[in-house]
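Here's the structure, in structure tokens; my notes come after.
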Amino acid sequence: MTSTIPSYSESKLVPPHGSDELKPLLLKGDARTHALKLASTLPTITLSSRERGDLIMFGIGGFTPLNCFMNQADWQGVVDNMRLQSGDNAGLFWPIPITLSAPKEVADSLNPSDKVALIAEDGEIMGILTVEETYTIDKEHECQQVFTTTDPEHPGVQQVLNQDEVNVAGRVEVFSEGEFPALYPEIYKTPSETREILDAKGWQTVAAFQTRNPMHRSHEYLAKIAIEICDGVLIHSLLGALKPGDIPADVRQEAIKTLIDNYFRQDTVIQAGYPLDMRYAGPREALLHALFRQNYGCSHLIVGRDHAGVGDYYGAFDAQTIFDHVGKDDLITQPLKIGWTFWCNACNAMASDKTCPHDASEHVKVSGTKLRKALSEDLDVPENFSRPEVLQILRDYYAGIARDDRAEIKLTGASAV
């Protein structure tokens, strides 16, 4: 049977970042079998959760055109100027370093061209890296440039400060997509699979809605604004690790599906997920979100208030203004910049600071932090805050936590998107 999916040259979607085609690094069949056998004989590096998510993104082509954990020149170029500095990709825009670290004693035993097996914390062999170089970095400099702070309370800064002493650079071969295909069979999709769906719908302009939270009324409003502008919206949820207090992916996906089923036209929205951990890098992470959404086929990224932020480290709309300094030649996927959104009692509807003429005293500003706080304390949640079907799912989740005494709910320092 002949495929009806267009080739890259025939597709109406935006091309992948820095490439005419996706470049997945996931091995299959005999190649994977032979590589796994080799990996069992190699020295090992244990991946952090963040590094494991990055490796899976290499595997599925989400980080096209990258094929390696960054060397020192690329690390320096990305940290200081958001550009790669070496090899075929020299000069290519890239906003956040993608690096692998190892203990000094392991790194000191490695030489260029050596191979090392990459192991998850649960022991799964995830891939092989062929060593290009090892190098040390100024962690505080990376944190200041990428996160605009060196405060160890910032969860992204914690990740960098806690990583091992030496970075190991080199090309990777990937064996596994981890637990994501099995845990989220309905929504976990690779860039290639996502593009096939978008092409089959005949969509040309697609807005990605990034979320690590269930969608409340402001989120719903943002997505519907994008539907008015584009052919459709990809509600694209992070499935990797979050900070304490954030709602886990399985609960979030159920809540989002319920919202879509009840309050969106079914031919305008696709629900999907991707395997990264949050870095909470605010403006820089917004750029990374746009970059890899280009690989997924999205022409736009919805950027609202405090995108990928945490606490008070970033201004409410810093993640929008940073796009003003990035040319379309560097990043094809463009932001849909949307200001404050809220329920207006006078309008008796959702509105934004561009559309509503009424005083702020009439506005009910919705945020994930406020919603989690109300739910965890079993408080009433106004009907204009979240849809009742979504609230019920979230109330059930919080009731389960209270009964099982599974975790302390931390409610500070969380942003809305």
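The values are calculated or read from the model by the stated rules, or taken from the named source; none is laboratory data. All of these numbers come straight from a predicted model, not from anything done at the bench. Cβ placement follows ideal geometry from the backbone for every residue including glycine, while neighbour counts extend to all protein chains displayed. Surface areas here come from the heavy atoms of the whole protein model, side chains and all, with no ligands, DNA or RNA. Shrake-Rupley method; radii C 1.70, N 1.55, O 1.52, S 1.80 Å.
Key figures
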item	result
Qualifying GluC sites (Glu not before Pro) in the range 92-131, DSSP loop, other Cβ atoms within 10 Å at most 13	Glu121
Student exercise, the chain dipole from Lys, Arg, Asp, Glu Cβ charges, in Debye to nearest 20	800 debye
Overall dimensions of the range 208-303 as given by Cα atoms, namely Rg and Dmax in Å	12.7, 36
Dipole-positive endmost among Ile137, Gly282, Gly156 within the chain (Cβ charges, Cα centre)	Gly282
Rounded to 5, percent antiparallel among DSSP beta bridges of the chain	50 percent
Sequence-separation-based contact order of the chain, relative, with Cα cut under 8 Å and 6+ spacing, percent	17 percent
Per residue solvent-accessible surface (Å²) - the range 1-106, probe of 1.4 Å	47 Å²
Cross-link reach list, lysines versus Lys354, counting only Cα pairs under 27 Å and skipping chain neighbours closer than eight places	Lys224, Lys328, Lys337, Lys365, Lys370
Alpha-carbon centroids, the range 91-108 and the range 116-180: separation in whole Å	6 Å
Total charge dipole magnitude, the range 282-385, about the Cα centre, Cβ charges on Lys, Arg, Asp, Glu only, Debye to nearest 20	260 debye
With Cα atoms, 0 to 90° folded angle of helix 49-60 axis to the chain main axis	80 degrees
Rg/Rg_ref, the range 1-91, where Rg_ref = 2.2 N^0.38 Å and atoms are Cα	1.35
Segments 19-31, 68-80 sorted - mean Cβ within 10 Å per residue, highest first	68-80, 19-31
Residues of the range 118-237: accessible area per residue with a 1.4 Å probe, Å²	38 Å²
Whichever aspartates and glutamates have a C-alpha closer than 12 Å to that of Lys28, once near sequence neighbours (fewer than 8 apart) are set aside	Glu173, Glu177
Option label - semi-axes √(5λ) of the Cα gyration tensor in Å computed here, alternatives (i) 50, 23, 17; (ii) 35, 24, 22; (iii) 62, 23, 17	(ii)
Quarter of the Cα convex hull surface for the range 72-218, i.e. its orientation-mean projected area (nm²)	12.4 nm²
Whole-Hz ³J(HN,Hα) from phi, Karplus 6.51 cos²θ - 1.76 cosθ + 1.60, for the range 211-224, glycine and proline x	8, 10, 10, x, 8, 8, 5, 5, 4, 4, 5, 4, 5, 6
Partners for Lys139 among lysines (Cα-Cα distance below 28 Å; same-chain residues under 8 apart left out)	Lys104, Lys115, Lys243, Lys410
Carbon plus sulfur fraction of accessible area for the chain, probe 1.4 Å, in percent	47 percent
